[in-house]
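The values are calculated or read from the model by the stated rules, or taken from the named source; none is laboratory data. If you're wondering where the values come from, they're calculated on a predicted model, not measured in any experiment. Glycine gets a Cβ as well: all are built from the backbone with ideal geometry, and neighbour counts include every protein chain shown. Calculation scope for accessible area: heavy atoms of the full protein, side chains included, ligands and nucleic acids excluded. Shrake-Rupley method; radii C 1.70, N 1.55, O 1.52, S 1.80 Å.
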Amino acid sequence: MNTKNGIGEPVRRTEDPQLLRGQGRYTDDLNEPGQAYAWIVRSPYAHGILKTINSEAARSMPGVIAVFTGEDLKGYGTHKCIVQLENLKKTPRRSLMTDKVRFVGDPVAFVVAETALQARDAAEAVELDVEPLPAVALASEAARPGAPQIWDEAPGNVACDFRYGDREKVAEAFARAAHVTRLELRNTRVVNCALEPRAAICSYDAATQRFTLVAPGQGVFAMKNQLVDLLGVSADKVRILTWNVGGSFGMKGSIYPEYVCLAHAARALGRPIKWTNDRSGSFLADQQGRDHERLAELALDKDGAFLAVRLTGYANVGAYLAVVGPQPPTLNAVKNTPSVYRTPLLEVRTQVMFTNTAPVSAYRGAGRPEANYFMERLIDEAAVEMGIDRIELRRRNHIRPEQMPFNSSSGQVFDTGEFTAVLDAALKISDFDDFKKRKAESRSRGKLRGIGVGSYLEQTAPPNKEMGAIRFETEGDLAGAVTLVTGTLDHGQAHRTALAQVLAPILGVPFESIRLVQGDSDQVVFGAGTGGSRSIMMSGGAAVEASAKVIAQGKALAGEHFETAAADIEFRDGKFSVAGTDRAISILELARKYPKKMDASHVTEVVPSAFPNGCHVAEVEIDPETGVVEVVRYASANDFGTIVNPMLVEGQIHGGVAQGLGQVLMENAQYDAEGQLLTGSFMDYALPRASDTPREMGFVSHPVPAKTNPLGAKGCGEAGCAGAMTSLTNAIVDALSEYGIRRFDMPASPQRVWQAINSRKSGSGTDFR
């Protein structure tokens, strides 16, 4: 069997030639005959009573077809949060506001016109009469007595007071601890800057009463169900199509208010309606990420053994609950905080707060990088305070291989992992032992140099089912192809390449013959989408199980073909043969002889989560005269279980590291006291450029296959963020420790670093948050 394109091979992305030639099909590239264009009218106020909307001037402008307000959309449902938490206040969000506006960017009306420019011009002519109310943007300030009340249904702006763990036992552990480390930490707010802004086209077929929405996303099955619920129609009346997607990172995984507006207009006007957001609109209205304020505490005995960890504080979910908005700082904080360590007790208390800001939801990692960040910062600080080497402190507390399966204080059961070996591999590839020489060389040039270690362990997406259907194409241009239908969705990960590497060797068909269908809800009968580093485990596992069905069906058909019992049929290297004879037929020939009878549709049973883990080591140089931080070396060791394509995995790490680096060094979404977004464009919000990333990123794999899925894979899509956030911050603090600075919170912008150094020189403190 030819294995050059099989599991474990660094196969080049088959998606790229089409994209590099400009032949991609992104939503804004598409058009429908007779389409009109929409533009959204957004609130310029962060908080206020919406008294009236005057659209007369807009309606009379050239090309304007209609102006719609919330009154027109009152018959539709509300956008729902699917997270189940005790006492979570699920406040209603309608697609267009009718009574109050709650953040700058809140949609209140939309204009439909013959051209996009006409719609935009007319939208600017819509007049809003809003009675401004006081606003609040920070979660901790929203919790203060007398803070502006955003929802009557959520007194004190508390969406949820989340608690996990045995409070009394944790308190006892802290009381008997030989040492307690405490850190106040902020995980900053970030804007999701996907390369492709959101866009959508909606059509309505009056004869069948059916809506077709074309939009970028992370899985058509879930988006279809959301839109069905919002429109109040049966499932057969909605079709979702997703073609190429230019990044998402969690942000495009749900139905936004704009899509309901388009559906309403398409039905009301009898024409397809197209809308494409601009970058300013993305900054204002797309779901943002992170924004946690924490007091993190670690209790240790005299030998440095961890006794308990406690996280308390606030999480900002913005003005409305997104589909999974409350999950990162609550459930995901619990599942990921203990990391690779034998931490017997865990307590998490998060006050999830409404504010007058854009909704906050999943952003690459969705609580996993944040939780690991809090833990790793605690460990480095505890090592300094107790006089224990930071590497040794980690080793002393690692879960050992012989303790697997391990019952974590998070309630998770870790099936596999060799955490000390992964740490040692990271130290080796980073040349950790020779750091002092490099530090001395930097000092000779007047630079500070620091090295940081950041371990991580993540729980991938929650247990769920997944679809894997295999179809043999026997007619037309597709004849000879093998189609895999899956419920996950590629938005940059190269699913077609990786899944073909799984499927082709099993079925013994050419790698190039594999097609992937993922973005058509008429064909995807089930799917939990892409997110939480789940795709290769879930879709790959579904493909393996569906292949078993195909082979079983093929044996029965081959038995019929050879006029023998199915039990006498063997399958190997893409051929069915009669045992002990030279009579054989290829799987593709058999499929042509028995059209559709070889096809198999399959939905897996619930597949458990997996636990990817690793250790990243970062080195930085800091110019004390300017505060500029340069990442000069970076390396990581990772356990992703079975790796299907090492080149793709390494690329995922590079991307995740770049996003983690961006948050640590520069990204910081900020609102003023009135709720106005101060960082509303790339003039004010910095993203990392190629020159900000290290020239090389060392990468080594230490795979310990998972026992929870057929492939043994663990997922890798979010790991780079988790490792970068911790290792880079620890490296910066290590460099600044020459000035006695031990506590420095992100972002490490040149201004903040320079201020910290000069404040220390003047003797004003060692804690810079």
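Given that compact globular proteins tend to follow 2.2 N^0.38 Å, what is the ratio of the alpha-carbon Rg of region 416-485 to that value?
Working: Rg = 25.1 Å, N = 70, 2.2 N^0.38 = 11.1 Å.
In units of the 2.2 N^0.38 Å rule of thumb, it is 2.27.
Taking the convex hull of the alpha carbon atoms in region 538-618, what volume per residue do you get, in Å³?
Numbers: hull volume 12.8 nm³, N = 81.
Looking at region 538-618, the number lands at 158 Å³ per residue.
In the chain, which helices (entire DSSP H runs) extend 30 Å or more along their own long axis, judged by Cα positions, while averaging at least -0.5 on the Kyte-Doolittle scale?
Working: long enough: 535-562 (38 Å, 0.53).
The qualifying helices are 535-562.
May I ask you to give the percent of accessible area on region 1-79 that is carbon plus sulfur, with a probe radius of 1.4 Å?
Numbers: 2130 of 4460 Å².
After summing per-atom areas, the C and S share lands at 48 percent.
Can you list the equivalent-ellipsoid semi-axes of region 1-110, largest first and in whole Å, using the square root of 5 times each Cα gyration tensor eigenvalue? Write down the numbers at each step before the final one.
Numbers: eigenvalues 358, 133, 30 Å².
For region 1-110, the ellipsoid semi-axes come out as 42, 26, 12 Å.
With the cut-off at 20 Å, tell me which of the pairs LYS549/LYS707; LYS549/LYS593; LYS237/LYS549 have Cα atoms farther apart than that. List each step's numbers first, then the result.
On the way: LYS549/LYS707 22 Å; LYS549/LYS593 18 Å; LYS237/LYS549 31 Å.
Going by Cα-Cα distance, LYS549/LYS707; LYS237/LYS549 fall outside the 20 Å limit.
Apply the Kirkwood formula to region 215-346: the hydrodynamic radius equals the inverse of the mean of 1/r over all pairs of different alpha-carbon atoms; give it in Å with one decimal. Walk me through the numbers on the way to the answer.
Working: mean 1/r = 0.0548 Å⁻¹.
It is 18.2 Å.
Just to be sure I understand the model, the point goes 7 Å from the Cα along the line to the Cβ. What's the resulting ARG13 to ASN407 distance in nm?
4.4
Just the accessible area per residue of the chain, please: how many Å² with a 1.4 Å probe?
Details: 29030 Å² over 769 residues.
That works out to 38 Å² per residue.
Using DSSP to define loop residues, name the trypsin sites (Lys or Arg not before Pro) in region 294-324 whose beta-carbon has at most 13 other beta-carbon atoms within 10 Å.
Values: sites: ARG294, LYS302, ARG310; in loops: LYS302.
Answer in residue order: LYS302.
Using just the alpha carbons, could you tell me how many Å³ per residue the convex hull of region 508-565 encloses? Spell out each step's value before the answer.
Values: hull volume 7.3 nm³, N = 58.
Here the figure is 126 Å³ per residue.
Run through region 589-685 and list the chymotrypsin sites (Phe, Trp or Tyr not before Pro) located in a DSSP loop whose Cβ has at most 12 other Cβ atoms within 10 Å. Write out the running numbers ahead of the final one.
On the way: sites: TYR634, PHE640, TYR671, PHE682, TYR685; in loops: PHE640, PHE682, TYR685.
When the chymotrypsin sites (Phe, Trp or Tyr not before Pro) of region 589-685 are filtered for loop state and at most 12 Cβ neighbours within 10 Å, PHE682 remain.
Hey, how much of the P(r) for region 642-763 falls beyond 16 Å, as a percent of Cα pairs?
On the way: 5175 of 7381 pairs.
Across region 642-763, Cα pairs with separations above 16 Å total 70 percent.
Taking only the Cα atoms of region 326-482, how large is their convex hull per residue, in Å³? Present the calculation step by step, with values, prior to reporting the outcome.
Values: hull volume 43.8 nm³, N = 157.
Convex hull volume per residue, Cα atoms: 279 Å³.
Rounded to the nearest percent, how much of the accessible area of region 633-769 (1.4 Å probe, protein heavy atoms only) is carbon and sulfur?
Values: 2630 of 5230 Å².
Result for region 633-769: 50 percent of the exposed heavy-atom area is carbon or sulfur.
Rounded, prolate or oblate: which one fits region 426-537, using the alpha carbon gyration tensor with axes a ≥ b ≥ c (rounded when a/c is under 1.5, else prolate when a/b beats b/c, else oblate)? Write out the running numbers ahead of the final one.
Values: a/c = 3.79, a/b = 2.61, b/c = 1.45.
Note, shape of region 426-537 comes out prolate.
Order of 452-459, 539-546, 746-753 by packing, highest average Cβ count within 10 Å first?
Per-residue Cβ counts within 10 Å, averaged per peptide and sorted highest first, yield 452-459, 539-546, 746-753.
Stokes-Einstein D for region 183-230 at 20 °C, 1.002 mPa s, Kirkwood Rh over Cα pairs, in µm²/s? Before the final figure, lay out each step's value.
Values: Rh = 14.0 Å.
It comes out at roughly 153 µm²/s.
Within 10 Å of each candidate Cβ there may be at most 16 other Cβ atoms; applying that plus a DSSP loop requirement, which trypsin sites (Lys or Arg not before Pro) in region 620-729 survive? If you can, show how the numbers build up before the last one.
Details: sites: ARG633, ARG689, ARG695, LYS707, LYS714; in loops: ARG689, ARG695, LYS707, LYS714.
Passing sites in region 620-729 are ARG689, ARG695, LYS707.
Using label points projected 7 Å from each Cα along Cα→Cβ, tell me how many nm separate GLU168 and LYS302, to one decimal.
That separation, rounded to one decimal, is 2.8 nm.
Provide the packing ranking of 213-219, 583-589, i.e. peptides ordered by the mean count of other C-beta atoms within 10 Å per residue, highest first.
Working: 213-219: 26.3, 583-589: 17.9.
The most tightly packed comes first, giving 213-219, 583-589.
Beta carbons within 10 angstrom, averaged per residue: use that to sort the peptides 480-491, 503-514, highest first. It would help to have the intermediate numbers written out before the result.
On the way: 480-491: 24.0, 503-514: 19.9.
Highest mean packing first, the order is 480-491, 503-514.
I'd like the FRET efficiency for ALA116 and LYS596, computed as 1/(1 + (r/R0)^6) with the beta carbon distance as r and R0 of 51 Å, rounded to 0.05.
Working: r = 44 Å, r/R0 = 0.86.
Computed FRET efficiency for ALA116 and LYS596: 0.70.
Calculate, for MET683 and ALA57, the FRET efficiency according to 1/(1 + (r/R0)^6) with r their C-beta to C-beta distance and R0 30 Å; round to the nearest 0.05.
On the way: r = 31 Å, r/R0 = 1.03.
Approximately 0.45, to the nearest 0.05.
Based on alpha-carbon positions alone, could you give the equivalent ellipsoid semi-axes of the chain from the gyration tensor, as √(5λ), descending, whole Å? If you can, show how the numbers build up before the last one.
Details: eigenvalues 352, 294, 104 Å².
Value: 42, 38, 23 Å, ordered largest first.
In region 322-377, what percent of the accessible surface is made up of carbon and sulfur (1.4 Å probe, ligands and nucleic acids excluded)?
Of all accessible area on region 322-377, carbon and sulfur atoms account for 55 percent.
Which whole number in µm²/s is D for region 77-202 by Stokes-Einstein, with the Kirkwood Rh taken over Cα pairs at 37 °C and 0.692 mPa s? The partial results should precede the final answer.
Numbers: Rh = 19.7 Å.
Translational D for this selection: 167 µm²/s.
Residues with beta-carbon under 11 Å from that of ALA494, excluding ALA494: net charge, scoring Lys, Arg +1 and Asp, Glu -1? Write out the running numbers ahead of the final one.
Working: positive: ARG12, ARG13, ARG496; negative: GLU15, ASP16, ASP490.
Result for the local shell: 0.
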